[in-house]
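Colleague: Okay, handing you the structure first.
The values are calculated or read from the model by the stated rules, or taken from the named source; none is laboratory data. Here the structure is a predicted model, which is why all the values come from computation and not from measurement. Every residue, glycine as well, gets a Cβ built from its backbone with ideal geometry; the counts of neighbours run over all protein chains shown. Heads up: the accessible areas ignore ligands, DNA and RNA and are worked out on the full protein's heavy atoms, side chains in. Shrake-Rupley method; radii C 1.70, N 1.55, O 1.52, S 1.80 Å.
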Amino acid sequence: MSFDDQLPPKIRLLRAAAELLANSEGSAVSTRQITKLAGVTAPTLYHHFGDKEGLFDAVVSAGFEEYVAGERDFAPSGEPLEDVRRMWDNHVQFGLTQPHLYLVMFGNIRPESRPAIVADAEALLEEMLNKAAISGQINVPPREAARSILAANVGVTLMLIAEPVEERNLELSTMTRDSMIFAVSTDTARGAAAEDSGKSSVVVAAIALNAALQASHSDQLSSSELKLFLEWLHRISSSS
């Protein structure tokens, strides 16, 4: 069954490739399968994308553009961790409304091969968490927080996609989201035992200063001094 003939051939090819890749379970997808599903001929594919690999690259590129647009589709609240919550919800919504595209982007994982799309998504999240670090709101370095939160975000989304629509429990997403953000936020540090409170505050301060210095590109220190200082801060902020 092919897609709606009213759609432009280029769009039909993108959608057909995304659907076939998502359902391929790692096996090869042929040009013939794509053109048949899209209802076009092979020369049409070559005209728009050069070859099959060019089409696959375009699928991921278009998907990431749409993903980024969704992740940024809100006015910043001034509270970075609240904005991280909104980014989490937008991520889940993207996956549930575009399941085939989402599976191509985040579901085709191979051993010891980390997709570039995952690194790009982490960088997007890290950007917001860096603001939280500067304001002293998280107790782990932004990059570590971004990796942890995105891993949980992707896992929840894949789980919800796999469930029948009528059985999906979005409270699972909300509960996991809030648990992950609580785990990396200074709420956890403030709730620690008394003997750990001094150390926790030092770690939070180091994380905040580390993030602020890297974001400001300070010229008050020489490059070697700044490198050494950031290394000290990294050691403090990475301490357990």
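Colleague: Name the single residue, out of those in the range 108-129 being of a type outside the set (Gly, Ala, Ser) and open to solvent by less than 40 Å² (accessible area, probe 1.4 Å), that is nearest to Gly155 (Cα to Cα).
Modeller: Val118
Colleague: Give me a count of the residues in the range 43-60 that are open to solvent by 60 Å² or more (accessible area, probe 1.4 Å) and within 23 Å of the chain's Cα centre (by Cα).
Modeller: 1
Colleague: Now, a different point. Being open to solvent by 50 Å² or more (accessible area, probe 1.4 Å) and modelled with pLDDT under 85 is the filter; apply it to the range 79-107 and report the residue that is farthest from Phe56 (Cα to Cα).
Modeller: Filtering first and then ranking leaves Gln98.
Colleague: Within the range 46-56, does at least one residue satisfy the condition of being among the aromatic types (Phe, Trp, Tyr) and touching a residue at least 12 places away in the same chain (Cβ under 8 Å)?
Modeller: Scanning the range 46-56 turns up at least one residue that is among the aromatic types (Phe, Trp, Tyr) and touching a residue at least 12 places away in the same chain (Cβ under 8 Å).
Colleague: Additional query: For the range 13-42, which residues satisfy the criterion of being part of a loop (DSSP other than H, G, I, E, B) and either β-branched (Val, Ile, Thr) or surrounded by 14 or more Cβ atoms within 10 Å (Cβ to Cβ) (or both)?
Modeller: Ser24, Val29, Gly39, Val40, Thr41 - these are the residues of the range 13-42 that are part of a loop (DSSP other than H, G, I, E, B) and either β-branched (Val, Ile, Thr) or surrounded by 14 or more Cβ atoms within 10 Å (Cβ to Cβ) (or both).
Colleague: Evaluate the range 54-72: report whether one residue or more is part of a loop (DSSP other than H, G, I, E, B) and touching an Asp or Glu at 6+ places or on another chain (Cβ under 9 Å).
Modeller: The answer is no; no qualifying residue exists.
Colleague: Here's a follow-up. Scan the range 180-199 and give yes if some residue there is closer than 30 Å to Ala17 by Cβ and either open to solvent by 40 Å² or more (accessible area, probe 1.4 Å) or modelled with pLDDT under 90 (or both), otherwise no. Steps first, please.
Modeller: Step one: filter the range 180-199 for residues closer than 30 Å to Ala17 by Cβ, giving none.
No.
Colleague: Could I ask something else about it? State whether the residues of the range 112-123 include one that is under 22 Å from Leu14 (Cα atoms), in contact with a Phe, Trp or Tyr (Cβ under 9 Å, 6 or more places away or on another chain) and of a type in the set (Asp, Glu).
Modeller: For the range 112-123, residues under 22 Å from Leu14 (Cα atoms), in contact with a Phe, Trp or Tyr (Cβ under 9 Å, 6 or more places away or on another chain) and of a type in the set (Asp, Glu): present.
Colleague: Leu160: more than 15 Å from Pro80 (Cβ to Cβ), touching a Lys or Arg at 6+ places or on another chain (Cβ under 6 Å) and open to solvent by less than 20 Å² (accessible area, probe 1.4 Å), yes or no?
Modeller: The answer is yes for Leu160.
Colleague: Residues that are without any contact (Cβ under 8 Å) to a residue 24 or more places away in the chain and farther than 30 Å from Ala16 by Cβ: find the helices (runs of 4 or more DSSP H) completely inside the range 83-163 holding 1 or more of those.
Modeller: 116-134, 142-162
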